[in-house]
Amino acid sequence: MVESIFSFVNYRPIPVTQLVQSYLKSQPEKEKFINFGWRGWEGDFPTSLIAECSNSSTLNDITTAYYNEAVKTSTQRLLPLVCYFHKDSQPDKLSGSALTGVQPYMGNRIPDLTGSVVFTDFAQNEESKPPVRGVLAYTRPTRSCKLNDFSIIETDYNFGSESSYYVCLGTNMNQTRLYLGVYGSFKVTDLNKGTIFEILP
């Protein structure tokens with residue numbers, strides 16, 4: 001239902017090896033872990049199961065899946081910086097399918113993005129008719145506990161009649177250049193359909 005991006009401005013980094021070692025111990029040092037509220041929370045929503053209503057094809061039956069976990073972690077979890085939804089009827093927002101990349105942009109070649117968190121989604125409304133397009137968007141990090149809004153970045157590259165799934169987002173070492181990985185098929189077994197683009201103003 002929801003894709004989420006978290007900000008770690010106020011948290012110290014923890015090496016993956018330390019996370020694995022702590023997990024394997026019988027009594028992990030819980031105060032060192034960042035609590036995302038999983039599995040009780042999916043972004044800013046309690047985790048839910050969705051089913052079609054038997055009485056109406058235009059309505060969904062939504063059930064909170066892990067109620068006890070949602071209650072237990074509601075005040076202890078790290079809130080997301082930004083969320084977007086798989087179904088969103090707002091015209092200037094995206095109906096995403098899978099978050100595929102998140103990168104900070106610290107460069108100055110694209111002044112409007114300097115200091116932003118840029119992210120990609122695999123496909124805008126994956127169920128739409130071909131050609132399917134991925135989505136590039138950004139938000140600005142904040143220190144507040146409020147959920148941030150985001151804006152879509154319109155690209156002017158002509159992909160023609162081919163689909164363009166945004167499969168990854170990368171930067172150089174100092175995060176001053178952005179690179180977008182695009183694939184022409186949603187099947188990884190369809191070989192030689194990928195291209196890497198640099199995002200330029």
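Quick notes on this structure:
- In segment 48-77, the qualifying residues are those that are out of contact with any Asp or Glu (no Cβ under 9 Å at 6 or more places or on another chain) and buried (at least 16 other Cβ atoms within 10 Å of the Cβ), and the one that is nearest to E154 (Cα to Cα) is R77.
- Selection over segment 22-72 of residues that are in a helix (DSSP H, G or I) and either modelled with pLDDT of 80 or more or closer than 29 Å to D149 by Cβ (or both) gives a count of 6.
- Residue match in segment 188-199 (condition: more than 16 Å from Q103 (Cα to Cα), touching a residue at least 24 places away in the same chain (Cβ under 8 Å) and either aromatic (F, W, Y) or part of a loop (DSSP other than H, G, I, E, B) (or both)): no
- Residue match in segment 140-156 (condition: in a strand (DSSP E or B), of a type in the set (A, V, I, L, M, F, W, C) and at pLDDT 95 or above): no
- Residues considered: N172, N108, N125. Of these, the only one that is more than 25 Å from L78 (Cα to Cα) and without any contact (Cβ under 8 Å) to a residue 24 or more places away in the chain is N172.
- Residue match in segment 69-78 (condition: closer than 18 Å to G43 by Cβ, over 15 Å from the mean Cα position of the chain (by Cα) and touching a residue at least 60 places away in the same chain (Cβ under 8 Å)): yes
- Number of the exception - G160 against (1) farther than 15 Å from I110 by Cβ; (2) touching a Ser or Thr at 6+ places or on another chain (Cβ under 9 Å); (3) without any contact (Cβ under 8 Å) to a residue 40 or more places away in the chain: (2)
- Filter result for the condition that a residue is exposed (fewer than 15 other Cβ atoms within 10 Å of the Cβ) and of a type outside the set (F, W, Y), over S116, S151, S95: S151
- In segment 185-201, the residues that are closer than 16 Å to T120 by Cβ and surrounded by 14 or more Cβ atoms within 10 Å (Cβ to Cβ): F186, G194, F197, I199
- For segment 122-139, the candidate set comprises residues that are surrounded by 15 or more Cβ atoms within 10 Å (Cβ to Cβ) and farther than 17 Å from P91 by Cβ; within that set, the residue that is modelled with the lowest pLDDT is E126.
- The set of residues from segment 159-187 being assigned to a loop (DSSP other than H, G, I, E, B), modelled with pLDDT of 95 or more and in contact with an Asp or Glu (Cβ under 9 Å, 6 or more places away or on another chain) comprises just one member, R177.
- In segment 168-184, the residue that is farthest from the chain's Cα centre (by Cα) out of those that are more than 14 Å from V118 (Cα to Cα) and surrounded by 15 or more Cβ atoms within 10 Å (Cβ to Cβ) is G184.
The values are calculated or read from the model by the stated rules, or taken from the named source; none is laboratory data. This is a predicted model, so every value here is computed, not measured. A quick note on method: Cβ atoms are made from the backbone with ideal geometry, for glycine too, and the neighbour counts reach across all protein chains shown.
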